[in-house]
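**Q** Handing you a structure now.
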Amino acid sequence: MSKSIVCNECGEEYSDDEFDSCPNCSEEEQITCDECGTEYSSEEDGCPHCAEWKVPEGTECEFCEKTATNYVQDHPVCDDHYEDSYPID
């Protein structure tokens, strides 16, 4: 059930089901990541999707000395070890 809230700053009413904070006073800007297309808040340090899934540049594979390009169960791996983890039949 929706509850109306009156903003302390501007006095406007808004629904707590639709908004976390007053839509009139919110300074939060949405940014679209150039790499993956995910939208995120300007208050965040960077794209949360890329931070979780993109291997930082210069990271070595956990199983050899090649550059890691993917994660397999939270382990940075190179293309060769990634293919070994997910064989194509």
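The values are calculated or read from the model by the stated rules, or taken from the named source; none is laboratory data. All figures in this text were calculated on a predicted structure; none of them were measured in a lab. We place every Cβ from the backbone using ideal geometry, glycine too, and count neighbours over all the protein chains shown. Note: areas computed on protein heavy atoms with side chains; ligands, DNA, RNA excluded. Shrake-Rupley method; radii C 1.70, N 1.55, O 1.52, S 1.80 Å.
Each row is one residue, and each column tells you yes or no for (1) in contact with a Gly (Cβ under 7 Å, 6 or more places away or on another chain); (2) among the acidic types (Asp, Glu); (3) at pLDDT 85 or above.
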{"site": "8", "(1), (2), (3)": "no, no, no"}
{"site": "12", "(1), (2), (3)": "no, yes, no"}
{"site": "19", "(1), (2), (3)": "no, no, no"}
{"site": "25", "(1), (2), (3)": "no, no, no"}
{"site": "29", "(1), (2), (3)": "no, yes, no"}
{"site": "50", "(1), (2), (3)": "no, no, yes"}
{"site": "55", "(1), (2), (3)": "no, no, yes"}
{"site": "66", "(1), (2), (3)": "no, no, yes"}
{"site": "71", "(1), (2), (3)": "no, no, yes"}
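**Q** Hey, among 80, 84, 45, which residue is loosely packed, with under 14 Cβ neighbours inside 10 Å and within 25 Å of residue 30 (Cβ to Cβ)?
**A** Details: 80 fails: within 25 Å of residue 30 (Cβ to Cβ); 84 fails: within 25 Å of residue 30 (Cβ to Cβ).
Only one candidate qualifies: 45.
**Q** I've got another one for you. Looking at (1) in contact (Cβ under 8 Å) with a residue 12 or more places away in the chain; (2) under 15 Å from the mean Cα position of the chain (by Cα); (3) loosely packed, with under 11 Cβ neighbours inside 10 Å, which is the only condition residue 17 fails?
**A** It fails just one condition, (2).
**Q** Restricting attention to segment 39-89, report how many residues are aromatic (Phe, Trp, Tyr) and part of a loop (DSSP other than H, G, I, E, B). Break it down stepwise before answering.
**A** At the first step, the residues of segment 39-89 found to be aromatic (Phe, Trp, Tyr) are 40, 53, 63, 71, 82, 86.
In the following step, the residues that additionally are part of a loop (DSSP other than H, G, I, E, B) were identified as 63, 86.
Going through segment 39-89 one residue at a time, the tally reaches 2.
**Q** Being within 21 Å of residue 83 (Cα to Cα), modelled with pLDDT of 85 or more and open to solvent by 60 Å² or more (accessible area, probe 1.4 Å) is the requirement here; does residue 62 meet it?
**A** It is true that residue 62 is within 21 Å of residue 83 (Cα to Cα), modelled with pLDDT of 85 or more and open to solvent by 60 Å² or more (accessible area, probe 1.4 Å).
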